[in-house]
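Please read the structure below before turning to the comments.
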């Protein structure tokens with residue numbers, strides 16, 4: 001999972017995309033995803049722009065897939 005040096009994203013999520021439980025392959029080790037989304041949840045207190053995107057990812061906290069991890073990385077690129 002490499003985000004350092006990545007191209008910044010103009011928005012926290014891609015408009016028109018819809019995440020679901022069945023999209024993508026399940027993560028083998030969801031520990032990093034869980035800690036990343038929980039940390040982003042705390043950032044919503046000071047950066048309200050990411051509220052919607054983080055809420056979408058938080059819904060899949062217990063069944064994350066690679067598409068959800070990609071969404072979390074996009075929020076990091078936005079920040």
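With respect to the conditions (1) modelled with pLDDT under 85; (2) more than 16 Å from residue 64 (Cα to Cα), residue 42 falls short on a single one, namely (1). Selection over the range 52-76 of residues that are within 11 Å of residue 13 (Cβ to Cβ) and out of contact with any helix residue (DSSP H, G or I) (no Cβ under 9 Å at 6 or more places or on another chain) gives a count of 2. Can you work out which of the residues in the range 3-14 that are on the phi < 0 side of the Ramachandran plot and more than 14 Å from the chain's Cα centre (by Cα) is modelled with the highest pLDDT? Ranking the candidates gives 10 first. Which of the residues that make up the range 1-27 are in contact with a strand residue (DSSP E or B) (Cβ under 9 Å, 6 or more places away or on another chain) and either surrounded by 13 or more Cβ atoms within 10 Å (Cβ to Cβ) or closer than 14 Å to residue 76 by Cβ (or both)? Once the filter is applied, which keeps residues that are in contact with a strand residue (DSSP E or B) (Cβ under 9 Å, 6 or more places away or on another chain) and either surrounded by 13 or more Cβ atoms within 10 Å (Cβ to Cβ) or closer than 14 Å to residue 76 by Cβ (or both), the range 1-27 yields 19, 21, 23, 24, 27.
Picking from residues in the range 28-59 that are outside any helix (DSSP H, G or I) and more than 19 Å from residue 77 (Cβ to Cβ), the one that is nearest to the chain's Cα centre (by Cα) is 59.
The values are calculated or read from the model by the stated rules, or taken from the named source; none is laboratory data. Computed from a predicted model, the values in this text were never measured in an experiment. Every residue, glycine among them, receives a Cβ derived from its backbone with ideal geometry; neighbour counts consider all protein chains shown.
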